[in-house]
Amino acid sequence: MSKPIGIVLGIVCAVLLAVTLMSADKVFRSGPELPRTVVQKQAEYHLVLITQELETPFWDKVAAGAKAEADRSGSSIETWGSYEKDQEEFLKKLEIAIDSKVDGIIVQGLDTDDFKELTKIKAAFYGIPILTVANDVPMADSLRRTYVGSDQFRAGQMIAEQLLADMGTAGTVILMGDSREEYYQQQRVKGIMDVLKKVPGVRTEYAETIESRDQIIAATQDVMNRLPDVDAFIAVNANIADAMVQEIGRRSQVAPYHIYSFDDSPDTMSLLREGKLDGIIEQSPEEMGRLGVKLIIEWLRGETVPLDTDGYLTDIRMRKAADAP
Amino acid sequence: MTSIQRKIWTLAAAVMFVMAAIWIALTYYNQRTQNQYNTILQRYLHMNEVTNASQMTVTALNNYRLSQTQENLRQVDEGKERLRAARREVMDLRNAENDFALTSYMNLVDSLIETTDRSIMFLSEKETEESTNAFSEATRISKYISEMTLTLLDTELKTYDRFYRGIIEQSTELKKFGIWMLLSITFLLLLFTYWFSLSITRPVHKLTQAAKELSRGRFDLKVEVTSNDEISFLAKMFERMRVNINNLIQEIQQKAQLENELQQNKLLLRESQLRSLQSQINPHFLFNTLDTLSKKAYLEGSEETSDLLASVAGLLRYNLKRLDRSVTLYDEVKVLRQYMEIQRARFSDRLRFEADIDESCLYVQLPGLTLQPIVENAVIHAVEPLEDGGTIRFAIADDGDRVRVEISDNGPGMAESKIKEILDAEERDRAGATEGHSTGIGFSNVVRRLRIFYGREDVIGIESSAGAGTRVTLMIPKGRSEGKDDQAADRG
């Protein structure tokens, strides 16, 4: 053995030692920590927002508004619900929420017996306050504490007024609605009728359809066959608008018709931008979520008792295609 | 002094230490990973337990509804108890991600228990329809619990996703680490062993080398071993031995030299004696004859011849008597004068002799017949060959602790090689013969005897240059070193 061998050996050792230490550091540095099970400050109230239309722009905004308000006031909120108006799933979620004994439920109103049964009997049995949001169900049927959302009757009036302004005082108007006849839809129709009835030159026709694409198309065809001289359409249920407009477009130009709807469907806003809708009623979903959470917390804290059973109305605006960006 | 044994122990201890360190580290790591796995598994098991307990409770409730026995009721109670226990366990699983879901989950469990109670209560009150309703509700809740369990597990997977990946990454890292560790330990051990073996073998090697040199007879190389174990001790002893041997050898050499010198001295004396014996075939006859001749010359009125003959006789007598013992400078000078008498008779005006003698210095001792051969040499070379003769200057002067005796002539001078021949012993041996000396004692013989007598080399010096004559200078110590000369004298 000679000196060079010793030196080379030494260098190799040093390099290996360094690499080993680096490797050891990687191995023994405590890897990803287990998420702490620290019970941080418990949220004051556990709230649930339940909707039938998860992940639509409208309800995302509601949820965002609610979340912001809940975070601000130190409560927690979760958004549950069903997709595509799956009522069965929706009701199940509602029942789970009640069984889970959350502190408050903010729910999209559903005007069915099952819904009323759950809210009136089960929720009341557990003493869980229920707020309806966006779509109302009458107090008498649901024992809801209050309603937060648009004044649907007024929304109907506004749309009718706009129609008259655009179309004039003579013409045929077709109202297309969901055959489930939910409360909020009835209110809208009432509002529209309220205005149009007073104008003798306007003839209104109300068409009902199940909320499925084929049925809507069929209904649209049917009504257009029966009333070829139609001047205007109002999709009372925003979810109908897309299929309806498409069918109208297939038969003739969309432009000559006055078509109106509401904003609580993912399609209507894009239809408006394309100019296929002449106007929609724009509501304030964030405000609904925010106000809903705020009110229910106030009620839970006993600050505002009782809540105004007539409801807290949020802002609505008429948005015309001309204004569209 | 660290012994070799200690070195071996150190190596072994180092290896042991490394092993132990690795073992501890790996054990620690294993333990940690195990704990993590346990925690994760327990989370899943706890959640699953809730589902199982809820299903069991509902089954027990159904059985109880079908046949209301005490046994079945006990089963229901047992199910409820299990449910409560599971609920407590689940409570600990709370984290930021599943906070809400977990709260709902636990409340669902509560609802299930309450509904079960309600169903049993209605049953005991014989309100079958209510009881059935409650039971179906309980079934639904149990179903919800199962679903919620799945949701929670799903959340769990999402929450722990990074963690699981981390574990997988770490295990691959561990594999790499193992390989690196193996490599570095191997090389470290190699290095350590290399260093260790070197620390043992290098001194041994050096020692071997030194022993080899010694065996070849080189005693002047120092044995140097820089280590701190037994080998260095050995080396030190070895070095001491070398020094001792070296000293002994030197001593022997010195003694041999001394012996040699003595021998030479003796030989020289013998030679001188032999030469003088050769020239004194019958000294008494010669003296008597010379004396008779001297008287006869005197009676015949040739006083000068008479004196000359007396000088020759005196010189001869001195020559025979005084060769082997020291004499004073005074005697030497006296003999020198007699000799000069004789030579003056021979060369008359051609020989000019000038003497400048400091009488106070005449007491110093010197070997007999020292000056005469030198002066004779001068006469032979500086006076005899020249038609006009030459001058010989003789001076004795005090020069500190020595007496300076100068004999100079104004002859043709001596060649450098000749001077060297006279002063240098080896050259002298080759030259051998002495040319025409009356006493048979040559210049070189004088030089050697002087050197041996005083034990030093610088007693005589010769200066000469061509045409400027020759000057021989003797520097005779006033107090001469005793001993050597006495010995020599005794032997004579």
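The values are calculated or read from the model by the stated rules, or taken from the named source; none is laboratory data. Small disclaimer: the values here were computed from a predicted structure and weren't measured. Glycine gets a Cβ as well: all are built from the backbone with ideal geometry, and neighbour counts include every protein chain shown.
Look through B:Asn133, B:Asn98 and report the one residue that is within 28 Å of A:Ser75 (Cα to Cα) and within 14 Å of chain A (Cβ to nearest Cβ).
From the options B:Asn133, B:Asn98, the qualifying one is B:Asn98.
Filter the stretch A:148-194 down to the residues that are closer than 19 Å to A:Asp114 by Cβ and in contact with a strand residue (DSSP E or B) (Cβ under 6 Å, 6 or more places away or on another chain) and list them by number.
A:Ser179, A:Gln185
Rundown of residues vs (1) under 30 Å from A:Lys320 (Cβ atoms); (2) surrounded by 19 or more Cβ atoms within 10 Å (Cβ to Cβ), yes/no style:
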site	(1), (2)
A:Thr79	no, yes
A:Ile105	no, yes
A:Leu131	no, yes
A:Asn135	yes, yes
A:Thr169	yes, no
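Identify all residues within the stretch A:49-102 that are basic (Lys, Arg) and either more than 10 Å from every other protein chain (Cβ to nearest Cβ) or in a loop (DSSP other than H, G, I, E, B) (or both); write none if there are none.
First, pick out the residues of the stretch A:49-102 that are basic (Lys, Arg): A:61, A:67, A:72, A:85, A:92-93, A:101.
The answer is A:Lys61, A:Lys67, A:Arg72, A:Lys85, A:Lys101.
Residue by residue through the stretch B:346-361, note down the ones that are closer than 14 Å to B:Arg402 by Cβ and hydrophobic (A, V, I, L, M, F, W, C).
Correct list: B:Cys361 only.
For A:Val195, indicate whether it is free of Cβ contacts under 8 Å to residues at least 60 places away in the same chain, under 30 Å from B:Ser104 (Cβ atoms) and touching an Asp or Glu at 6+ places or on another chain (Cβ under 8 Å).
It is false that A:Val195 is free of Cβ contacts under 8 Å to residues at least 60 places away in the same chain, under 30 Å from B:Ser104 (Cβ atoms) and touching an Asp or Glu at 6+ places or on another chain (Cβ under 8 Å).
Starting from the stretch A:82-99, keep only residues that are within 21 Å of A:Arg180 (Cα to Cα), then list their pairs with residues that are of a type in the set (Ser, Thr, Tyr) and buried (at least 17 other Cβ atoms within 10 Å of the Cβ) whose Cβ atoms are within a distance under 8 Å, requiring at least 6 positions of separation or different chains.
Partner pairs satisfying both residue conditions: A:Ser82/A:Thr51; A:Glu88/A:Ser82; A:Glu89/A:Ser82; A:Phe90/A:Thr51; A:Phe90/A:Ser82; A:Lys92/B:Tyr144; A:Lys93/A:Ser82; A:Leu94/A:Thr119.
I'd like the full set of residues that are without any contact (Cβ under 8 Å) to a residue 60 or more places away in the chain, β-branched (Val, Ile, Thr) and farther than 19 Å from A:Val137 by Cβ, limited to the stretch A:45-66.
Correct list: empty.
Quick one: B:Arg82 ticks every box in (1) closer than 18 Å to B:Ser131 by Cα; (2) in contact (Cβ under 8 Å) with a residue 24 or more places away in the chain bar one, so which box is it?
(1)
Evaluate the stretch A:169-178: report whether one residue or more is part of a loop (DSSP other than H, G, I, E, B) and assigned by TED's automatic domain parsing to the domain that holds A:Asp264.
yes
Quick one: which helices (runs of 4 or more DSSP H) sit completely within the stretch B:355-431 and have at least 2 residues that are buried (at least 21 other Cβ atoms within 10 Å of the Cβ)?
Once the helices (runs of 4 or more DSSP H) in the stretch B:355-431 are filtered for at least 2 residues that are buried (at least 21 other Cβ atoms within 10 Å of the Cβ), what remains is B:371-378.
Is it true that some residue in the stretch A:221-236 is of a type in the set (Gly, Ala, Ser), more than 25 Å from A:Phe115 (Cα to Cα) and surrounded by fewer than 17 Cβ atoms within 10 Å (Cβ to Cβ)?
No.
With (1) exposed (fewer than 14 other Cβ atoms within 10 Å of the Cβ); (2) in contact (Cβ under 8 Å) with a residue 24 or more places away in the chain; (3) facing chain A (nearest Cβ under 10 Å) as the list, and B:Leu112 as the residue in question, which single condition is left unmet?
It is condition (1) that B:Leu112 fails.
Take A:Lys120 and tell me if it is within 11 Å of chain B (Cβ to nearest Cβ), free of Cβ contacts under 8 Å to residues at least 60 places away in the same chain and either outside any strand (DSSP E or B) or buried (at least 22 other Cβ atoms within 10 Å of the Cβ) (or both). So that I can check it myself, show each step before the final result.
Values: within 11 Å of chain B (Cβ to nearest Cβ): no; free of Cβ contacts under 8 Å to residues at least 60 places away in the same chain: yes; either outside any strand (DSSP E or B) or buried (at least 22 other Cβ atoms within 10 Å of the Cβ) (or both): yes.
Taking the combined requirement at face value, the residue does not satisfy it.
Please indicate, with yes or no, whether at least one residue in the stretch A:252-260 is in contact (Cβ under 8 Å) with a residue 12 or more places away in the chain and under 21 Å from A:Ser150 (Cβ atoms).
Yes, the conditions are met somewhere in the stretch A:252-260.
Okay, residues lined up against (1) farther than 23 Å from A:Lys190 by Cα; (2) of a type in the set (A, V, I, L, M, F, W, C); (3) outside the structural domain of A:Ile296 (by TED's automatic domain parsing):
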residue	(1), (2), (3)
A:Glu69	yes, no, no
A:Ser75	yes, no, no
A:Trp80	yes, yes, no
A:Ile96	yes, yes, no
A:Ser100	yes, no, no
A:Asp103	yes, no, no
A:Ile128	yes, yes, no
A:Thr132	no, no, no
A:Arg144	no, no, no
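Select from the stretch B:141-180 the residues that are within 17 Å of A:Asp99 (Cα to Cα) and at the interface with another protein chain (Cβ under 7 Å from one of its Cβ atoms) and write down the one among them that is surrounded by the most Cβ atoms within 10 Å (Cβ to Cβ).
Among those that are within 17 Å of A:Asp99 (Cα to Cα) and at the interface with another protein chain (Cβ under 7 Å from one of its Cβ atoms), it is B:Ile141.
Taking the conditions exactly as written (surrounded by fewer than 23 Cβ atoms within 10 Å (Cβ to Cβ), in a helix (DSSP H, G or I) and small (Gly, Ala, Ser)), does A:Ser265 satisfy them or not?
When the stated conditions are applied, A:Ser265 does not pass them.
Condition first: of a type in the set (A, V, I, L, M) and part of a loop (DSSP other than H, G, I, E, B). Now tell me which residues in the stretch A:181-206 satisfy that.
Here is the first cut: in the stretch A:181-206, the residues of a type in the set (A, V, I, L, M) are A:189, A:192-193, A:195-196, A:199, A:202.
Residue satisfying the conditions is A:Val199 alone.
Name the one entry in B:Thr103, B:Thr155, B:Thr132 that is under 17 Å from B:Val58 (Cα atoms), of a type outside the set (A, V, I, L, M) and either assigned to a helix (DSSP H, G or I) or in the same structural domain as B:Asn62 (by TED's automatic domain parsing) (or both).
Result of the check over B:Thr103, B:Thr155, B:Thr132: B:Thr132.
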